[in-house]
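S.K.: Here it is: the structure, laid out below.
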Amino acid sequence: MTDPSSAQPAPPGCPAHTDAVRLAGLEYQQTPSQLYRTMRREHGTVAPVLLDGDIPAWLVLGYSEVTYVTSHDELFARDSRRWNQWENIPADWPLLPYVGYQPSVLFTEGDEHRRRARVITQALEGVDQFELARNCQLIADRLIADFAGSGQAELMTGYAHALPMRAVVQICGMPTSGEDTQQLVEDLRISLDAAEGDDPVAAYGRVGERLRQLVKDKRESPGPDITSRMLLDPMGLTDEQIVQDLISVIAAAQQPTANWICNTLRLLLTDERFAVNVSGGRLSVGEALNEALWLDTPTQNFIGRWAVRDTQLGGRQIRAGDCLVLGLAAANTDPQIWPDALVGAENAAHLSFSNGEHRCPYPAPLLADVMARTAVETLLERLPDLVLSVEPETLTWRPSIWMRGLTALPVQFTPVVQ
């Protein structure tokens, strides 16, 4: 494979030059794959972009380039304090929850990152996957029972979002219901995928306050949960380090898994390749889950990496301190790896869980798969004649450049008396 850092001669490098693309607008929100094709054609595999407030950055579109960036921490690091744009960032900038430095595993590097990631891995390995599947099935059954008798439902909010929310807070040691838990999940959504009128900075602050209380409670009375295992780990992380790492764990598990479930259900209900097997679901669910990661990955873009020194990538001159946004969705649909535009559902080499040392820590992808697979299979088993109640082309996506998820997934089915 050609080294992406030196693939072609480097043109002028400043990402703020006049042809930079704003990461916003209806086209980006609803049909990003078309925009990625246009950007590749006009800019190549690394495109100059403008973030909120016209802050310059680079969007890495190529599969090889994203893999290269995430495999070379010595060139493209995670500590955002390197950014050369901080003097232009206002205190209420909406992307601060993403890039504002925190004492979190997300921003650590080298030995410190490996140490922190090991604590998370050990805590996640303590989750019994069979027990998680059973709990998810119980949660699914309760959620389905709430709407099964009506013959219709909106699955995004009533099922796909609710199931991983309850499962994740349960394995972290929080109650699965109640206003406090629901507010935590809503604040996480605002922090990571703010809608118009939301205050993501304030929401992120409330998330931290709630998890500080959880850590305090578990310090006094530990239990069989992720939070307690992190607290009892001999590595001896501070309470604040554990709070920040819990935010990363919960945020990475809940909303992306919800979108993964819903995106997979959309595929099963709209793609004729799967339609014949929807009844009972098991033959096609695994393929649909994997294909959804290739075509509609829940995390479209991830911010980011920061150049440690001047370098080149995809023919671009990257300056020390430049911000790189990882275009995970664009990389997954890179025509260089799918020249015939036919994604192989059996191929699991996607970048949906990122790559390199900063990828989702093992076994997080396995736990997400348990939640998503159980959610989809249980729904199709309980409601085997499930169909969309609207035309597929009328479905709309959330207005986000970061997350890929539907605003709603309305369905109908034969009412089931519980």
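The values are calculated or read from the model by the stated rules, or taken from the named source; none is laboratory data. Quantities reported herein were computed from a predicted structural model and do not represent experimental measurements. So basically every Cβ, Gly included, is an ideal-geometry build from the backbone, and we count neighbours across all protein chains shown. SASA here: full protein model, heavy atoms, side chains in, ligands and nucleic acids out. Shrake-Rupley method; radii C 1.70, N 1.55, O 1.52, S 1.80 Å.
S.K.: Quick one: which helices (runs of 4 or more DSSP H) lie wholly within region 221-338 and hold at least 1 residues that are under 25 Å from the mean Cα position of the chain (by Cα) and acidic (Asp, Glu)?
M.R.: In region 221-338, 239-270, 282-295 are the helices (runs of 4 or more DSSP H) which contain 1 or more residues that are under 25 Å from the mean Cα position of the chain (by Cα) and acidic (Asp, Glu).
S.K.: If you don't mind, there's one more thing I want to ask. Among the residues of region 96-111, is any assigned to a helix (DSSP H, G or I) and over 20 Å from the mean Cα position of the chain (by Cα)?
M.R.: yes
Here is a yes/no grid of residues against (1) closer than 30 Å to Val387 by Cα; (2) in contact with a helix residue (DSSP H, G or I) (Cβ under 9 Å, 6 or more places away or on another chain); (3) of a type in the set (A, V, I, L, M):
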residue	(1), (2), (3)
Met230	no, yes, yes
Thr238	no, no, no
Val243	no, yes, yes
Arg266	yes, yes, no
Asp271	yes, yes, no
Gly286	yes, yes, no
Gly315	no, yes, no
Ala329	yes, yes, yes
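S.K.: I would also like to ask the following. In region 30-87, which residues are aromatic (Phe, Trp, Tyr) and open to solvent by 60 Å² or more (accessible area, probe 1.4 Å)?
M.R.: Trp86 - this is the single residue of region 30-87 that is aromatic (Phe, Trp, Tyr) and open to solvent by 60 Å² or more (accessible area, probe 1.4 Å).
S.K.: Filter region 359-418 down to residues that are assigned to a helix (DSSP H, G or I) and of a type in the set (S, T, N, Q) and give me whichever is nearest to Trp294 (Cα to Cα).
M.R.: Of everything passing the filter in region 359-418, Thr374 is nearest to Trp294 (Cα to Cα).
S.K.: Of all residues being modelled with pLDDT of 85 or more and among the acidic types (Asp, Glu) in region 188-229, which is surrounded by the fewest Cβ atoms within 10 Å (Cβ to Cβ)? Just the residue, please.
M.R.: Glu220
S.K.: Among the residues of region 151-177 satisfying the criterion of being in contact with a strand residue (DSSP E or B) (Cβ under 9 Å, 6 or more places away or on another chain) and assigned to a helix (DSSP H, G or I), which is surrounded by the fewest Cβ atoms within 10 Å (Cβ to Cβ)?
M.R.: Met156
S.K.: What is the residue count in region 161-194 for residues that are β-branched (Val, Ile, Thr) and closer than 18 Å to Arg134 by Cβ?
M.R.: Residues in region 161-194 being β-branched (Val, Ile, Thr) and closer than 18 Å to Arg134 by Cβ: 4 in total.
S.K.: Pairs please, first residue from region 362-388 and basic (Lys, Arg), second anywhere and at pLDDT 95 or above and assigned to a helix (DSSP H, G or I), Cβ atoms under 7 Å, 6+ apart in sequence or on different chains.
M.R.: Arg382/Ile144; Arg382/Ala148
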